[in-house]
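Chemist: I have a structure here, written as structure tokens, and I will follow up with some questions on it.
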Amino acid sequence: LISIPVAEAVPASDLPILGAAYTYRGTSYVEVDTMTPGVGYFVLCDADTFAILVGEPIEEVDVQLQMGWNLVGGLSRRTFIDEYIDTFWSYFLFGYEPNGGYFVTKSIAPGQGAWLLSSEDRTSNLVD
């Protein structure tokens, strides 16, 4: 699971991934050509990989959440679960490690994506 840690959209073809990038909308995975800040993505790589993205840091982004599961990204710094929500008990944030699977977390690092379970439709305004 990844996200874009810069304020500009990035073509998925610019990243060292195999095939397409996918996000999740409502009840299904959607293939995307362009990756935007605040959104999480599933990608496939054939080895441990990193990419250097140059751009302005994400100082503010609106994250659209639907009731249920959402793939989210954060800011250009570590983003904590309480920045997405007002009531901690009604939301869960899960990271993913290829060799370890899913894990509960309270934050995501720049460039990481995560699953966020929301109890309502809402827009979360993240500000650095």
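Chemist: So, of the residues in region 112-128 that are assigned to a loop (DSSP other than H, G, I, E, B) and open to solvent by 20 Å² or more (accessible area, probe 1.4 Å), which turns out to be nearest to residue 78 (Cα to Cα)?
Modeler: Within region 112-128, the first condition is being assigned to a loop (DSSP other than H, G, I, E, B), and the residues that meet it are 113, 119-121, 128.
Right, trim to open to solvent by 20 Å² or more (accessible area, probe 1.4 Å) and you get 119-121, 128.
On the way: 119: 23, 120: 24, 121: 24, 128: 10 Å.
The selected residue is 128.
Chemist: Here is a follow-up. Of the conditions (1) modelled with pLDDT of 90 or more; (2) of a type in the set (Gly, Ala, Ser); (3) closer than 17 Å to residue 2 by Cβ, residue 28 fails just one. Which one is it?
Modeler: (3)
Chemist: Further, regarding this structure: Among the residues of region 57-111, count how many are buried (at least 18 other Cβ atoms within 10 Å of the Cβ), modelled with pLDDT of 90 or more, in a loop (DSSP other than H, G, I, E, B) and β-branched (Val, Ile, Thr).
Modeler: Going through region 57-111 one residue at a time, the tally reaches 1.
Chemist: Sticking with this one: Among the listed residues 19, 26, 38, which satisfies the condition of being under 19 Å from residue 109 (Cα atoms), of a type in the set (Gly, Ala, Ser) and out of contact with any His (no Cβ under 9 Å at 6 or more places or on another chain)? Quick ask: steps written out before the conclusion?
Modeler: Working: 19 fails: under 19 Å from residue 109 (Cα atoms); 26 fails: under 19 Å from residue 109 (Cα atoms).
Within the list 19, 26, 38, the selection yields 38.
Chemist: Oh, and also: Select from region 1-48 the residues that are under 19 Å from residue 75 (Cβ atoms) and touching a Ser or Thr at 6+ places or on another chain (Cβ under 6 Å) and write down the one among them that is surrounded by the most Cβ atoms within 10 Å (Cβ to Cβ).
Modeler: So, considering only residues that are under 19 Å from residue 75 (Cβ atoms) and touching a Ser or Thr at 6+ places or on another chain (Cβ under 6 Å), the one surrounded by the most Cβ atoms within 10 Å (Cβ to Cβ) is 40.
Chemist: Among the candidates 16, 37, 98, single out the residue that is within 16 Å of residue 123 (Cα to Cα), free of Cβ contacts under 8 Å to residues at least 60 places away in the same chain and of a type outside the set (Lys, Arg).
Modeler: Numbers: 16 fails: within 16 Å of residue 123 (Cα to Cα); 98 fails: within 16 Å of residue 123 (Cα to Cα).
Just a single option satisfies the conditions, and that option is 37.
The values are calculated or read from the model by the stated rules, or taken from the named source; none is laboratory data. Treat the numbers as computed from the prediction; the structure is a model and nothing was measured. Note that each Cβ is placed from the backbone with ideal geometry, even for glycine, and that neighbours are counted across all protein chains shown. The protein model used for the area step is the full one, side chains on, heavy atoms only, and it has no ligands, DNA or RNA in it. Shrake-Rupley method; radii C 1.70, N 1.55, O 1.52, S 1.80 Å.
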